[in-house]
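Participant: Pasting a structure below so you can have a look.
The values are calculated or read from the model by the stated rules, or taken from the named source; none is laboratory data. Here the structure is a predicted model, which is why all the values come from computation and not from measurement. All Cβ positions, even for glycine, are placed from backbone atoms using ideal geometry, and neighbour counts span all protein chains on display.
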Amino acid sequence: MPKDIALGIRKSLDEALPIIKNMPETKLLEKPNPDKWSKKEILGHLIDSARANLRRFAEIQFVAAPYRVISYNQDELVRVNFYQDLPLEHIVSLLDILNQQIVFVLSNYTIDPERIEITYENARNNTAAFLIKDYLDHLNHHLRQVIA
């Protein structure tokens, strides 16, 4: 299962990144309204998500169960990382390299994520398999928003 998700991550990025690289800067900077993220900021959010999940996917393999998933302040991270002001090449490279590492970690899992219990701050319990699949779903959701 982790290997299938890893392939899905790679496929999604291989399809979306060439499209994103060719998008006009004006389209990437445009905000639907002042309280919403631009396409560049959505990509930045995906970078923050990749960083958080890379750590989770690695730690799940050695931290005692249940693994506690700690959330992060998405809006503040997008704001303080200034994704709107970064060159697109920088954003795309960082998103790609972080996901390359996630793909590598997941491809080399020696644990069964269905057997690893996780818990969230809001008390929802699940398994590491759910967390891994949710990452791919989240990535695809936001990539669709960007290339729309």
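Participant: Identify, please: which residue in the range 122-141 is touching a strand residue (DSSP E or B) at 6+ places or on another chain (Cβ under 7 Å) and free of Cβ contacts under 8 Å to residues at least 40 places away in the same chain and is, among those, surrounded by the most Cβ atoms within 10 Å (Cβ to Cβ)? Before you say what the answer is, go through the steps one by one.
Facilitator: Residues of the range 122-141 touching a strand residue (DSSP E or B) at 6+ places or on another chain (Cβ under 7 Å): 125-128, 131.
With the extra rule that they be free of Cβ contacts under 8 Å to residues at least 40 places away in the same chain, the set shrinks to 126-127.
Details: Asn126: 15, Thr127: 19.
Among them, the one singled out is Thr127.
Participant: Follow-up question, since we're still on this one. Within the range 39-88, which residues are acidic (Asp, Glu) and in contact (Cβ under 8 Å) with a residue 24 or more places away in the chain?
Facilitator: Taking the range 39-88 first, the residues acidic (Asp, Glu) are 41, 48, 59, 75-76, 85.
Hits for the range 39-88 are Glu41, Asp48.
So that you can scan it fast, the table gives a plain yes or no per residue for (1) in a helix (DSSP H, G or I); (2) closer than 18 Å to Ala129 by Cβ; (3) small (Gly, Ala, Ser):
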{"position": "Ile47", "(1), (2), (3)": "yes, no, no"}
{"position": "Arg55", "(1), (2), (3)": "yes, yes, no"}
{"position": "Ala65", "(1), (2), (3)": "no, yes, yes"}
{"position": "Leu77", "(1), (2), (3)": "yes, no, no"}
{"position": "Val92", "(1), (2), (3)": "yes, no, no"}
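Participant: Here's a follow-up. Since Ile19 meets every condition but one in (1) in contact with a helix residue (DSSP H, G or I) (Cβ under 6 Å, 6 or more places away or on another chain); (2) under 16 Å from Asn140 (Cβ atoms); (3) crowded, with 18+ Cβ neighbours inside 10 Å, which condition does it not meet?
Facilitator: With (1) in contact with a helix residue (DSSP H, G or I) (Cβ under 6 Å, 6 or more places away or on another chain); (2) under 16 Å from Asn140 (Cβ atoms); (3) crowded, with 18+ Cβ neighbours inside 10 Å applied to Ile19, the lone miss is (3).
Participant: Right, another one. For residues in the range 59-91 being within 18 Å of Glu114 (Cβ to Cβ) and surrounded by fewer than 17 Cβ atoms within 10 Å (Cβ to Cβ), which is modelled with the lowest pLDDT? It would help to see each step written out before you state the result.
Facilitator: So in the range 59-91, the residues within 18 Å of Glu114 (Cβ to Cβ) come out as 59-67, 69.
Next, only the ones that are surrounded by fewer than 17 Cβ atoms within 10 Å (Cβ to Cβ) stay: 59, 61-66.
On the way: Glu59: 97, Gln61: 95, Phe62: 95, Val63: 94, Ala64: 92, Ala65: 88, Pro66: 93.
Applying the filter and picking the extreme gives Ala65.
Participant: Buried (at least 16 other Cβ atoms within 10 Å of the Cβ) and within 22 Å of Leu136 (Cβ to Cβ): is that true of Arg56 in this structure?
Facilitator: Numbers: buried (at least 16 other Cβ atoms within 10 Å of the Cβ): yes; within 22 Å of Leu136 (Cβ to Cβ): yes.
Taking the combined requirement at face value, the residue satisfies it.
Participant: Out of all the residues in the range 28-38, is one or more within 12 Å of the chain's Cα centre (by Cα), touching a residue at least 60 places away in the same chain (Cβ under 8 Å) and either under 20 Å from Val78 (Cα atoms) or in a helix (DSSP H, G or I) (or both)? I'd like the intermediate steps shown before the answer.
Facilitator: Taking the range 28-38 and keeping what is within 12 Å of the chain's Cα centre (by Cα), we get none.
No, the range 28-38 contains no residue that is within 12 Å of the chain's Cα centre (by Cα), touching a residue at least 60 places away in the same chain (Cβ under 8 Å) and either under 20 Å from Val78 (Cα atoms) or in a helix (DSSP H, G or I) (or both).
Participant: A follow-up question, please. Hey, any hits in the range 24-36 for a residue that's surrounded by fewer than 18 Cβ atoms within 10 Å (Cβ to Cβ), β-branched (Val, Ile, Thr) and farther than 23 Å from His90 by Cβ? It would help to see each step written out before you state the result.
Facilitator: So in the range 24-36, the residues surrounded by fewer than 18 Cβ atoms within 10 Å (Cβ to Cβ) come out as 24-27, 29-36.
Cutting the leftovers down to β-branched (Val, Ile, Thr) gives us 26.
Narrowing further to those that are farther than 23 Å from His90 by Cβ: none.
Checking the range 24-36: not a single residue is surrounded by fewer than 18 Cβ atoms within 10 Å (Cβ to Cβ), β-branched (Val, Ile, Thr) and farther than 23 Å from His90 by Cβ.
Participant: Only one of Thr119, Thr110 is among the polar types (S, T, N, Q), outside any loop (DSSP other than H, G, I, E, B), surrounded by fewer than 18 Cβ atoms within 10 Å (Cβ to Cβ) and modelled with pLDDT under 95. Can you tell me which?
Facilitator: On the way: Thr110 fails: outside any loop (DSSP other than H, G, I, E, B).
Just one listed residue meets the conditions, Thr119.
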